[in-house]
Amino acid sequence: MLAAVAARRWPTARVTASDRSLAAVTSATATARANGLDDRIHVERDLAAAKVPPASIDLVLCNPPFHDGLAVVEDLAAPMFRGAAQALRPGGLMLTVFNAHLGHRQTLQRVVGPTRQLHRDAKFIVTLSIRAERA
């Protein structure tokens with residue numbers, strides 16, 4: 001789980017894990033508890049960072065879905081990217097990992113800000129986006 005890795009990597013950070021799926025929220029809560037991090041990770045059910053105050057966070061770690069139940073839906077990520085852009089402070093960072101066949105880099109570039117590829121293999125791409133200054 002990304003939140004557990006972040007909490008271990010940055011021990012003084014406030015970490016929030018969110019997902020629209022109740023199953024994912026339950027799993028994240030159990031993972032935090034099993035790793036002794038439940039006092040450091042706040043887990044909540046949220047859709048596209050709607051509960052996060054604007055320009056309030058420094059870093060987003062994102063692994064957007066492309067399945068809704070059993071259906072493949074490639075546009076599930078765009079609302080997440082817009083929510084992250086709203087939540088990030090100007091100059092804030094967004095690390096995103098997604099399946100290589102998806103064209104998310106262009107959307108990240110347009111919605112969040114300058115985006116570069118950090119890694120690519122046959123299955124996944126990892127990008128770093130920097131939140132553009134707000135007008």
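Of the residues in the stretch 5-14, at least one is open to solvent by 40 Å² or more (accessible area, probe 1.4 Å), within 18 Å of VAL97 (Cβ to Cβ) and basic (Lys, Arg).
Taking the stretch 76-135 as the region of interest, how many residues are aliphatic (A, V, I, L, M), without any contact (Cβ under 8 Å) to a residue 40 or more places away in the chain and outside any helix (DSSP H, G or I)? It would help to see each step written out before you state the result.
First, pick out the residues of the stretch 76-135 that are aliphatic (A, V, I, L, M): 76-78, 80, 84-85, 87-88, 93-95, 97, 100, 102, 108, 111-112, 118, 122, 125-126, 128, 130, 132, 135.
Adding the requirement that they be without any contact (Cβ under 8 Å) to a residue 40 or more places away in the chain leaves 76-78, 80, 84, 87, 93-95, 97, 100, 102, 108, 111-112, 118, 122, 125-126, 128, 130, 135.
Narrowing the set further to residues that are outside any helix (DSSP H, G or I) leaves 76, 93-95, 97, 100, 102, 112, 118, 122, 125-126, 128, 130, 135.
Result for the stretch 76-135: 15.
The condition of being among the acidic types (Asp, Glu) and in a strand (DSSP E or B) does not hold for ASP38. Of all residues in the stretch 41-51, those satisfying the criterion of being assigned to a strand (DSSP E or B) and either within 22 Å of THR127 (Cβ to Cβ) or not β-branched (Val, Ile, Thr) (or both) are HIS42, GLU44, ARG45.
Can you go through LEU61, LEU47 and tell me which one is open to solvent by 50 Å² or more (accessible area, probe 1.4 Å) and either among the basic types (Lys, Arg) or farther than 21 Å from ILE130 by Cα (or both)? Show your work before the answer.
Details: LEU61 fails: either among the basic types (Lys, Arg) or farther than 21 Å from ILE130 by Cα (or both).
Checking each option against the conditions leaves just LEU47.
Please indicate, with yes or no, whether at least one residue in the stretch 52-67 is of a type in the set (Ser, Thr, Tyr), assigned to a loop (DSSP other than H, G, I, E, B) and touching a residue at least 24 places away in the same chain (Cβ under 8 Å). Checking the stretch 52-67: at least one residue is of a type in the set (Ser, Thr, Tyr), assigned to a loop (DSSP other than H, G, I, E, B) and touching a residue at least 24 places away in the same chain (Cβ under 8 Å).
The values are calculated or read from the model by the stated rules, or taken from the named source; none is laboratory data. Predicted model, so just to flag it, every value in this text is computed and none were measured. As a convention, Cβ positions derive from the backbone with ideal geometry for all residues, glycine included, and neighbour counts pool all protein chains shown. Heads up: the accessible areas ignore ligands, DNA and RNA and are worked out on the full protein's heavy atoms, side chains in. Shrake-Rupley method; radii C 1.70, N 1.55, O 1.52, S 1.80 Å.
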